[in-house]
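One structure is given below, encoded as structure tokens.
The values are calculated or read from the model by the stated rules, or taken from the named source; none is laboratory data. Since this is a predicted model, take the numbers as computed values, not measurements. Quick reminder, even Gly has a Cβ in these numbers, built from the backbone with ideal geometry, and neighbours come from all protein chains shown. The area values use the complete protein model at the heavy-atom level, side chains included, leaving out ligands, DNA and RNA. Shrake-Rupley method; radii C 1.70, N 1.55, O 1.52, S 1.80 Å.
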Amino acid sequence: MTSGHNPKAENAENEFFNAYNTKSEASQHKNLFKEESYRKKRHKPIVICIIIIAAVVILLCVGKIRSGNSIIKHTASGHKPVTSSSNDDYDKDDYNDTDDSDYSDESYDTDDEYADDDFTLKSSDDKHVQYVDKYVGVNASAVGYTSLGGDRLIRIGDGLLTVNYVTEDGSYVGVGTDEDEEKLQDYVVTAQNIAPNTKVKIDFEKDSDGEEYSSLTDFQSYDHIDLAVKKVGSKGNGPKLKTIKAAPDKTKYYIRNYVGKNAATVGYVSLGGDYRDRYGDANIELKLVPEDGSAVDISDTDNAIKNLKKYVVKSQSIKPNTAMNITYDKDVDGLVDSQSFESITLKLKKIG
């Protein structure tokens, strides 16, 4: 994926323009003395030629600039170019897109027809390596299962991916009650923020002798997946998603994108009574700030979900894909000693 802003391409284009103009001017000055009488006779045709040549050069350069401002979006049915704004640009309060930060959008989707009959999921004989399946075009209720803890999970080898459903307007689509589970049948997946056949690295916990447990995971390079959904039969392709970098190991994770998601789906109520999200062995507090100044009661889990369903995340204080480094206690295995960030502020907007 390439950024829409390409300084090298623009510098090359500017040098081309300068070289062309300098050469053209030098040539004209030279001919001014050598062929003055000839130019007087043929003045109008030469001017016309110069205008035509200049127009052709400008058109070619504009086309080149436009091609430099496009990226290739990987889709299940191939590749298609889409324009992308520069990373120096800022979104303007579009909570269905991104927050007001300087990062671009990425998503993996297909057309409305979800045509990709040739897709084949890669297989792996190594339990440490698995691949993400294609979920676009699948009914939301057919993706994964609901755990006893109330999360929607996808089994990937001996590992698990936590599912987060994302709607166009930020309305709640999730699990937890029988009614929620039934509503999933009304939605179809239109995009996923991890491309099909992306490799997922899995490490397993070890016993005192250094032998790996058969299915007790210690680390995954991806442990969350965002799925954009829309009502079955409705028009449009649903919201775009943002791809988050894979964690290289358990000491570094990347901040997720919360913008555009329903506030009830982005975290959990801790035993201490605050709202948090997990990053491997670490967790980070999500500070909730509604834009109208109202309070959000998360005194218990039931109230938290009920109240948070009314909000969509409008912005976040730490932009997605920012690295969060984690260090561990040297004496106690698995105990986090420090982490780059302790909290993220999420600004909320009421839905409707």
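Structure data summary
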read-out	value
Complete set of residues in the stretch 293-330 that are in contact with a Lys or Arg (Cβ under 7 Å, 6 or more places away or on another chain) and not aliphatic (A, V, I, L, M)	LYS310, TYR311, LYS314, SER315, PRO320, ASN321, ASN325
Test set (1) closer than 20 Å to VAL312 by Cβ; (2) open to solvent by 30 Å² or more (accessible area, probe 1.4 Å); (3) within 20 Å of the chain's Cα centre (by Cα); (4) not charged (D, E, K, R) - GLY280 fails condition number	(1)
Residue in the stretch 291-310 that is surrounded by 14 or more Cβ atoms within 10 Å (Cβ to Cβ) and assigned to a strand (DSSP E or B) present	no
When residues of the stretch 233-257 are limited to those that are crowded, with 20+ Cβ neighbours inside 10 Å and of a type in the set (Val, Ile, Thr), the one nearest to LEU335 (Cα to Cα)	ILE255
In the stretch 318-352, residue farthest from ASN193 (Cα to Cα) [restricted to those that are in a strand (DSSP E or B) and among the small types (Gly, Ala, Ser)]	SER338
Matching residues in the stretch 339-352 - criterion: being among the small types (Gly, Ala, Ser) and surrounded by 11 or more Cβ atoms within 10 Å (Cβ to Cβ)	SER340, SER343
Answer from ASP302, ASP292 - the residue that is free of Cβ contacts under 8 Å to residues at least 12 places away in the same chain and more than 30 Å from ASP203 (Cβ to Cβ)	ASP302
Residues within the stretch 323-338 that are among the β-branched types (Val, Ile, Thr) and surrounded by 15 or more Cβ atoms within 10 Å (Cβ to Cβ), tallied	2
Checklist (1) buried (at least 16 other Cβ atoms within 10 Å of the Cβ); (2) in a helix (DSSP H, G or I) applied to SER315, failing item	(2)
Search result, residues across the stretch 258-275 that are open to solvent by less than 50 Å² (accessible area, probe 1.4 Å) and without any contact (Cβ under 8 Å) to a residue 24 or more places away in the chain	GLY267, SER270
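Yes/no matrix, rows are residues, columns are (1) surrounded by 22 or more Cβ atoms within 10 Å (Cβ to Cβ); (2) free of Cβ contacts under 8 Å to residues at least 40 places away in the same chain:
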position: ASP151; (1), (2): no, yes
position: ASP158; (1), (2): no, no
position: VAL163; (1), (2): yes, no
position: SER171; (1), (2): no, no
position: TYR213; (1), (2): no, yes
position: ALA228; (1), (2): yes, no
position: LYS231; (1), (2): no, no
